[in-house]
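First up is the structure itself, then whatever we jot down about it.
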Amino acid sequence: MIIVLKPEATAENRDFVVDRLKSLGFQTHVSKGEERTIIGAIGDERQLRDRPLSSLPGVEKVVPILKPYKLVSKDFKKTNSEISINGIKIGGKHTTVMAGPCSVENREMLFEIVDKIYDAGARVLRGGAFKPRTSPYSFQGLGEEGLKYLREAADSKGMLVVTELMDPRDIDLICNYADIIQIGARNMQNFRLLKEVGKSGHPVLLKRGMSATIKEFLMAAEYIASEGNLDIILCERGIRTFETETRNTLDLSAIPVIKNATHLPIIVDPSHGTGRRDCILPMAQAAIAAGADGLIIEVHPNPAEAMSDGDQSITPDEFATLMKRIKIISATLERHLEE
Ligand code: PEP
Ligand code: MN
């Protein structure tokens, strides 16, 4: 529910309401608007039957949140969230770009690309160490060795690391090396995994499941948030449709729909979203133009030799060209791309 305070409500009035809610086991979030303060509260509302909040001093009205997702909804928090990790910001007025190989194949390949992608404007290094492969006989990732290489390469430029977690047993290991835990499309509804990353308090990149509706996507985010972790970045990465020319159909209309529904930032993955190198630049441009908070792009020093997803990977030079366009579109929309 949302508790709207009167314009003249004092800080004491606000704290009294928050303390009352907390004592009844509610999670609260205070949003201070220009005119009035709003308190979002999630908990067992039956507790309030005998002691309604509407009678407390400074309270104007109490409104239920009708959406099934609560903590991540725009009702709960009106302003767009900005997540700051070691000084690198995601959301708000920032365009944040994550780039790197599909899989970490060896140490050298990361050092071959990291200077170029950093200079082009990427601030987060991506790379899979535990890969969700369709075939058990395909390359499964380097595990901890891959995590070490990612950390070392990212640290050489002061970048963040994002990498996928597939198994809750690896959560401490991943948190030791990575700044952002990626939950892949295949695990978007792995609810135990979502709860674990929620408990970890570590920032999360949550990718949309390949057959998930936007509501299901936001409910998955709510699982993480319900454990007290609101550092969630959503990622549109394409959904399965009848179309076969592209690997997935990148749902760009999800961006404005999601922006209206939630305060969480959303980035776009044109690599998995299309599966085609020739689509990466146009779809990256379109994503930022449509209001996305950033991109995640597969970059490989030699895509033809990549151990996974070579067809959708671009070279560091192609990435630099793409980023020049992204800078122009971001500036037009009054967003900042990290310099
Ligand atoms: C990835 O980003 O490495 C990946 C496997 O993506 P998705 O989960 O979107 O398929
Ligand atoms: Mn990939």
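Take the conditions in contact (Cβ under 8 Å) with a residue 12 or more places away in the chain, open to solvent by less than 20 Å² (accessible area, probe 1.4 Å) and touching a Phe, Trp or Tyr at 6+ places or on another chain (Cβ under 8 Å) and apply them to Ile65. Does it pass? Please lay out each step first, then the result.
On the way: in contact (Cβ under 8 Å) with a residue 12 or more places away in the chain: yes; open to solvent by less than 20 Å² (accessible area, probe 1.4 Å): yes; touching a Phe, Trp or Tyr at 6+ places or on another chain (Cβ under 8 Å): yes.
It is true that Ile65 is in contact (Cβ under 8 Å) with a residue 12 or more places away in the chain, open to solvent by less than 20 Å² (accessible area, probe 1.4 Å) and touching a Phe, Trp or Tyr at 6+ places or on another chain (Cβ under 8 Å).
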Under the condition of being over 20 Å from Ile326 (Cα atoms) and open to solvent by 10 Å² or more (accessible area, probe 1.4 Å), which residue from the range 249-274 is nearest to ligand 2 (Cβ to nearest atom)? Thr249
On the given criteria, is Arg240 within 13 Å of ligand 1 (Cβ to nearest atom) and open to solvent by 20 Å² or more (accessible area, probe 1.4 Å)? yes
Criterion first (closer than 27 Å to Gly198 by Cα and modelled with pLDDT under 95) does Leu24 satisfy it? yes
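For the range 265-334, which helices (runs of 4 or more DSSP H) that fit wholly inside it have 2 or more residues that are among the β-branched types (Val, Ile, Thr)? Quick ask: steps written out before the conclusion?
Numbers: elements: 270-274, 277-289, 316-332.
The qualifying helices (runs of 4 or more DSSP H) are 277-289, 316-332.
Please tell me if Ser330 is polar (S, T, N, Q), more than 16 Å from ligand 1 (Cβ to nearest atom) and crowded, with 17+ Cβ neighbours inside 10 Å. Before the answer, list the steps.
On the way: polar (S, T, N, Q): yes; more than 16 Å from ligand 1 (Cβ to nearest atom): yes; crowded, with 17+ Cβ neighbours inside 10 Å: yes.
Yes; evaluated as a whole, the condition is true for this residue.
Which is under 27 Å from Ser211 (Cα atoms), modelled with pLDDT of 95 or more, under 19 Å from the mean Cα position of the chain (by Cα) and surrounded by 22 or more Cβ atoms within 10 Å (Cβ to Cβ), of Met159, Met166, Met188? Outline the logic, then answer.
Values: Met159 fails: under 27 Å from Ser211 (Cα atoms); Met166 fails: surrounded by 22 or more Cβ atoms within 10 Å (Cβ to Cβ).
One residue alone meets the criteria, Met188.
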Just one of the numbered conditions (1) modelled with pLDDT of 95 or more; (2) surrounded by 16 or more Cβ atoms within 10 Å (Cβ to Cβ); (3) away from ligand 2 (no atom under 16 Å from the Cβ) is not true of Cys235; which one? (3)
Which of the residues spanning the range 5-19 are out of contact with any helix residue (DSSP H, G or I) (no Cβ under 7 Å at 6 or more places or on another chain), in a helix (DSSP H, G or I) and open to solvent by less than 80 Å² (accessible area, probe 1.4 Å)? Ala11, Asn13, Arg14, Asp15, Val18
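Filter the range 191-228 down to residues that are outside any helix (DSSP H, G or I) and crowded, with 20+ Cβ neighbours inside 10 Å and give me whichever is farthest from ligand 2 (Cβ to nearest atom). Spell out how you get there, then give the answer.
From the range 191-228, those outside any helix (DSSP H, G or I) are 201-213, 226-228; that's our starting set.
After this cut, where a residue has to be crowded, with 20+ Cβ neighbours inside 10 Å as well, the list is 203-209.
Numbers: Pro203: 20, Val204: 18, Leu205: 13, Leu206: 16, Lys207: 11, Arg208: 15, Gly209: 16 Å.
Among residues in the range 191-228 that are outside any helix (DSSP H, G or I) and crowded, with 20+ Cβ neighbours inside 10 Å, the one farthest from ligand 2 (Cβ to nearest atom) is Pro203.
The values are calculated or read from the model by the stated rules, or taken from the named source; none is laboratory data. Please read all numbers here as calculations on a predicted model, not as lab measurements. Cβ sites come from the backbone with ideal geometry, for glycine too, and all protein chains shown count toward neighbours. Please note that ligands, DNA and RNA were not included when accessible areas were found on the heavy atoms of the full protein model with its side chains. Shrake-Rupley method; radii C 1.70, N 1.55, O 1.52, S 1.80 Å.
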